[in-house]
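Here's the structure we're looking at; comments come further down.
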Amino acid sequence: MIDALNYDASGDHNAFAGDKVEATIGGLLPSREYQVQWFRDGVAVGDPVKIVSTVDGTFAPADSTSYTIPNDLTGPTNFTVAVFEQGTDTKSLDNALALDSLLATTPVADSYVPVYTPVEGAIGEDAQVAAPKFMDKEPNGTEVTAPEGTKFATATTDEEKEKAKLPADAVVLDP
């Protein structure tokens, strides 16, 4: 048994670029050597890591077997962690004793670009700003429907400014 903790392939618990995925392993023969290998869309990435099971046949998450989701995601990507017997070829999932997969993707906020219509106004008077149109970043920048639950707000805290990718010294006014 192997389990990629906190993430799955159902789409309900996706991983994102930079997330560290750890795996827990059980059902192994006690005190034996095994190999753990990560795969991206079915292709082995990096080198296998040698592990030694505990006397109860488990292996707890460790930095040596964790995997950090890379920053080059362009869409949904399947990552798989697999455990192999020591000495077995780890380049194919066919030889795995056990495996678990998860889905990693780009956050919705990084997939769309809001486009606002310019508004003219006068100081001291209310101006109506229409909700932005959303343009898909890929492939042609076509207009898309705003994701359900989208909210609009002025970035005022340092955390909001960082999330909105505004310069740290930006002054945001909300008239």
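The values are calculated or read from the model by the stated rules, or taken from the named source; none is laboratory data. Everything numeric in this text was worked out from a predicted model, so none of it was measured. Counting neighbours? That spans all protein chains shown, and the Cβs are built from the backbone with ideal geometry, glycine included. Heads up: the accessible areas ignore ligands, DNA and RNA and are worked out on the full protein's heavy atoms, side chains in. Shrake-Rupley method; radii C 1.70, N 1.55, O 1.52, S 1.80 Å.
If only one of 74, 54, 105, 68 is open to solvent by 50 Å² or more (accessible area, probe 1.4 Å), among the polar types (S, T, N, Q) and touching a residue at least 60 places away in the same chain (Cβ under 8 Å), which one is it?
74
Given the conditions (1) in a helix (DSSP H, G or I); (2) in contact with a Phe, Trp or Tyr (Cβ under 8 Å, 6 or more places away or on another chain), which single one is not true for residue 94?
Among (1) in a helix (DSSP H, G or I); (2) in contact with a Phe, Trp or Tyr (Cβ under 8 Å, 6 or more places away or on another chain), residue 94 violates only (2).
Suppose we filter 99, 5 for residues that are open to solvent by 40 Å² or more (accessible area, probe 1.4 Å) and touching a Pro at 6+ places or on another chain (Cβ under 7 Å); which single one remains?
So the residue among 99, 5 that is open to solvent by 40 Å² or more (accessible area, probe 1.4 Å) and touching a Pro at 6+ places or on another chain (Cβ under 7 Å) is 5.
Sort through 52, 81, 115 and tell me the only one that's farther than 24 Å from residue 8 by Cα and in contact with an Asp or Glu (Cβ under 8 Å, 6 or more places away or on another chain).
Residue meeting the stated conditions: 52.
So for the stretch 26-44 (the condition being open to solvent by 40 Å² or more (accessible area, probe 1.4 Å) and touching a residue at least 60 places away in the same chain (Cβ under 8 Å)), does at least one residue qualify?
yes
Could you please let me know if residue 83 is in contact (Cβ under 8 Å) with a residue 60 or more places away in the chain and over 19 Å from residue 19 (Cβ atoms)?
Taking the combined requirement at face value, the residue satisfies it.
Does residue 124 meet the test of being free of Cβ contacts under 8 Å to residues at least 12 places away in the same chain, loosely packed, with under 11 Cβ neighbours inside 10 Å and outside any strand (DSSP E or B)?
It is true that residue 124 is free of Cβ contacts under 8 Å to residues at least 12 places away in the same chain, loosely packed, with under 11 Cβ neighbours inside 10 Å and outside any strand (DSSP E or B).
Check 74, 106, 88 and return the single one that is part of a loop (DSSP other than H, G, I, E, B) and touching a helix residue (DSSP H, G or I) at 6+ places or on another chain (Cβ under 8 Å).
88 is the lone residue from the list that is part of a loop (DSSP other than H, G, I, E, B) and touching a helix residue (DSSP H, G or I) at 6+ places or on another chain (Cβ under 8 Å).
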